[in-house]
Structure formats: C-alpha cells, structure tokens
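S.K.: Below you will find the structure I want to go over with you.
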C-alpha cells in the first residue's frame, strides 16, 4: 500500500499517512469552505489501510485552526480509527494544542467523549 | 421606514473599524480577507488566545455568510452585487465586534430567529452538549455545512451575540448578526 502525502495550504492542513509505520499526521489549518472534497482521499486511504493495518496506529493531530465543516470530517476519520480499534488493533490519538488555547483543548475533549479510542492531550509550549 | 443599505453599512461601520467590506461574497474574497486579517491581528493583539478566538469567529462568520446568503431576484442586480453581503470587524474598547449582513427570504426569518434565541439562551455546558450531539449525528447538507456555525460561535463567545432582521420587501429581509469577542 502507498503512503499518502498532501502539502499544506493557508486553508488546508498538511497530511502524511504512512502504512509502514502506522503513523498518521494532520497538521496546520483546516478551514476550507467545503471540506468533504479535501478529506475524501484521506477517508479512502483509511478504508484501504484498515484491510491490512499496522499492529499499532498512531495519529497526530496538530491543528492551529479548524472550522465546523472540517470538524465533521475529522470526526469521520476518528470513526474509521474507532473501527480499527474495535478490530483489535492498537490505536492512539495524540491531540496537540497550543499553550492557553482552551478552545482547542476543549475540541479535543469533545472528540474524546464521542470516540472510543484513547486520546492523549499534548500541550505545545513555546 | 425604507431599508437603505448605505445607512445600514455606515451604522455598522462606526467605531474603530479594522476592516469593512460590502459586496459580492466569494470563496476568493474569504481567502483574501482571512489573509489580511491574519496579518492585522498579529500586529493588533498581543494575547495569542484572543487572537485565535477572534480568527475562529472570522472564519466561521464569513463561511456562514457565504453559505447562507439568499440572492435577490435579477431585477435588483443593478443595485446589489451577486451574492451580496456585508462584513465588518471593529474594535470597541477591550473587545472586538464581528458583524455580518445578508439578505434572507422572509419565510426563513421565523425559524432562524427561534434558532438564535434558543442558542443565546443556552448555558456553556448546554451549548457543548448540543454541539457534540449535532456533530455526531448530523450529516452534511447540500451546501457542505453541518449546521454548527452559529453554535460554534456561541460556544466560543458564551452566547455574546446580537441579531436584527430588517424587512426589505415582501419577499426578503436583511439579516444582521453581531458577535462580540
């Protein structure tokens, strides 16, 4: 299976999906008007990955901003990971937030309460 | 009282304006406004958490505007640009005000009013629960939204928003939303 790498823009995050290491990285800003198109290849990649996943999958989400349209797509990604976990694979989501960014921490906690995957909240200190 | 867009705009535009726009609201415009504001906020605001909160409100209010404008029929096009909207960011003492204005069909006014009143009446925890519930159960609309914009903004500002509907004609009203950060 191929890895997937998408460069970040002002409105969309950089994405790195590596089937060899099982590391998934989403970083930057996610504020497109319509996020479905942007996230579709990621969701499709995850469907493929789930057929033969790494024993351990680590997800690093480090977003500076994301809009409500993206919030739904991010949840859809987390739901894929939840299925992966249900299929007895090890899954961990690392949710990064900047120091004092309580809204971002709260968003992470919102996801944590919906999705049955272990989360780790990681504060980034300047 | 007749609705006059220029009076309305200058009224919105009073105080310490950081940015004001009146015209067609497109995806490109949103990108440009966000870029300009990103740089401006960097200069204006020292506290990063306030800057982030305000930027989030800018993103959400602009995209809400973009998704929910009702275009007036062709006959009015000489007067208003297509997908016409108003957007103002102002500083008032120690807080910031983000205002948007757009036409909306009269038939939608009642339900939007009810929605806004309900959102404004909810506590922080209730907003959080409502947000999570919609996030988890709502599917995307045709417009590519999830109906979370207003709730998200209320959640970030603890419901600090005001609205006004002004009747334009038999079919349309002008909807003005102000959010305080």
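S.K.: Quick check on my filter: what residues within the stretch B:33-50 are more than 10 Å from chain A (Cβ to nearest Cβ) and either farther than 23 Å from residue B:159 by Cβ or part of a helix (DSSP H, G or I) (or both)?
M.R.: Step one: filter the stretch B:33-50 for residues more than 10 Å from chain A (Cβ to nearest Cβ), giving B:33, B:36-37, B:39-46.
B:33, B:36, B:37, B:39, B:40, B:41, B:42, B:43, B:44, B:46, listed by residue number.
S.K.: In the stretch B:62-81, is there at least one residue being more than 14 Å from chain A (Cβ to nearest Cβ), surrounded by fewer than 14 Cβ atoms within 10 Å (Cβ to Cβ) and assigned to a helix (DSSP H, G or I)?
M.R.: Looking for residues that are more than 14 Å from chain A (Cβ to nearest Cβ), surrounded by fewer than 14 Cβ atoms within 10 Å (Cβ to Cβ) and assigned to a helix (DSSP H, G or I), one finds at least one in the stretch B:62-81, hence yes.
S.K.: For residue B:95, all conditions in the list (1) under 25 Å from residue A:103 (Cβ atoms); (2) within 14 Å of another protein chain (Cβ to nearest Cβ); (3) modelled with pLDDT under 95 hold save one; what is the number of the exception?
M.R.: Checking residue B:95 against (1) under 25 Å from residue A:103 (Cβ atoms); (2) within 14 Å of another protein chain (Cβ to nearest Cβ); (3) modelled with pLDDT under 95, the one that fails is (2).
S.K.: For the stretch B:95-102, indicate whether the set of residues that are in a loop (DSSP other than H, G, I, E, B) and in contact with a strand residue (DSSP E or B) (Cβ under 8 Å, 6 or more places away or on another chain) is non-empty. If you could, list the steps in order and put the result at the bottom.
M.R.: The first filter runs over the stretch B:95-102 and keeps only residues in a loop (DSSP other than H, G, I, E, B), leaving none.
Looking through the stretch B:95-102, none of the residues is in a loop (DSSP other than H, G, I, E, B) and in contact with a strand residue (DSSP E or B) (Cβ under 8 Å, 6 or more places away or on another chain).
S.K.: Would you mind telling me which numbered condition in (1) over 30 Å from residue B:67 (Cα atoms); (2) surrounded by fewer than 19 Cβ atoms within 10 Å (Cβ to Cβ) residue A:49 fails?
M.R.: (2)
S.K.: In the stretch B:134-177, how many are farther than 20 Å from residue B:120 by Cα and either outside any strand (DSSP E or B) or facing chain A (nearest Cβ under 8 Å) (or both)?
M.R.: So the answer is 14.
S.K.: Related question: Please work out which one of (1) touching a helix residue (DSSP H, G or I) at 6+ places or on another chain (Cβ under 9 Å); (2) more than 30 Å from residue B:26 (Cα to Cα); (3) at pLDDT 95 or above is the condition residue A:120 fails and give its number.
M.R.: All conditions pass for residue A:120, except number (1).
S.K.: Name the residue that is surrounded by the fewest Cβ atoms within 10 Å (Cβ to Cβ), counting only residues in the stretch B:151-177 that are touching a strand residue (DSSP E or B) at 6+ places or on another chain (Cβ under 8 Å) and under 25 Å from residue A:104 (Cβ atoms).
M.R.: B:160
S.K.: Here is a follow-up. Test residue B:29 against the criterion of being under 25 Å from residue B:147 (Cα atoms) and either at the interface with another protein chain (Cβ under 9 Å from one of its Cβ atoms) or surrounded by 13 or more Cβ atoms within 10 Å (Cβ to Cβ) (or both), and give yes or no.
M.R.: The answer is yes for residue B:29.
S.K.: When residues of the stretch A:21-37 are filtered for being within 19 Å of residue A:5 (Cβ to Cβ), surrounded by fewer than 23 Cβ atoms within 10 Å (Cβ to Cβ), in contact (Cβ under 8 Å) with a residue 24 or more places away in the chain and within 11 Å of chain B (Cβ to nearest Cβ), how many remain?
M.R.: Within the stretch A:21-37, residues that are within 19 Å of residue A:5 (Cβ to Cβ), surrounded by fewer than 23 Cβ atoms within 10 Å (Cβ to Cβ), in contact (Cβ under 8 Å) with a residue 24 or more places away in the chain and within 11 Å of chain B (Cβ to nearest Cβ) number 1.
S.K.: Name the single residue, out of those in the stretch A:88-103 being modelled with pLDDT of 95 or more and closer than 22 Å to residue B:156 by Cα, that is surrounded by the most Cβ atoms within 10 Å (Cβ to Cβ).
M.R.: The residue in question is A:97.
S.K.: Something else about it: Considering only residues that are loosely packed, with under 15 Cβ neighbours inside 10 Å and either at pLDDT 95 or above or closer than 22 Å to residue A:67 by Cβ (or both), which ones fall in the stretch A:1-19? Step through it out loud before you land on a result.
M.R.: Within the stretch A:1-19, the first condition is being loosely packed, with under 15 Cβ neighbours inside 10 Å, and the residues that meet it are A:1-3, A:5, A:7-10.
Once the filter is applied, which keeps residues that are loosely packed, with under 15 Cβ neighbours inside 10 Å and either at pLDDT 95 or above or closer than 22 Å to residue A:67 by Cβ (or both), the stretch A:1-19 yields A:3, A:5, A:7, A:8, A:9, A:10.
S.K.: Quick check: is even one residue across the stretch A:110-117 more than 11 Å from every other protein chain (Cβ to nearest Cβ), modelled with pLDDT of 95 or more, in contact with a helix residue (DSSP H, G or I) (Cβ under 6 Å, 6 or more places away or on another chain) and more than 19 Å from residue B:48 (Cβ to Cβ)?
M.R.: There is at least one residue in the stretch A:110-117 that is more than 11 Å from every other protein chain (Cβ to nearest Cβ), modelled with pLDDT of 95 or more, in contact with a helix residue (DSSP H, G or I) (Cβ under 6 Å, 6 or more places away or on another chain) and more than 19 Å from residue B:48 (Cβ to Cβ).
S.K.: Give me the pairs: first residue in the stretch A:1-12 and within 14 Å of another protein chain (Cβ to nearest Cβ), second residue in a loop (DSSP other than H, G, I, E, B), beta-carbon distance under 9 Å, and six or more apart or on different chains, which are they?
M.R.: A:9/A:32; A:10/A:31; A:11/A:31; A:11/A:32; A:11/A:33; A:12/A:31; A:12/A:32
S.K.: I've got another one for you. Has the stretch B:106-124 got any residue that is outside any strand (DSSP E or B) and within 13 Å of chain A (Cβ to nearest Cβ)?
M.R.: Yes, the stretch B:106-124 contains at least one residue that is outside any strand (DSSP E or B) and within 13 Å of chain A (Cβ to nearest Cβ).
The values are calculated or read from the model by the stated rules, or taken from the named source; none is laboratory data. Keep in mind it's a predicted model, so treat the numbers as computed, not measured. Using ideal geometry, Cβ is built from the backbone for each residue, glycine included, and neighbour counts are taken over all protein chains shown.
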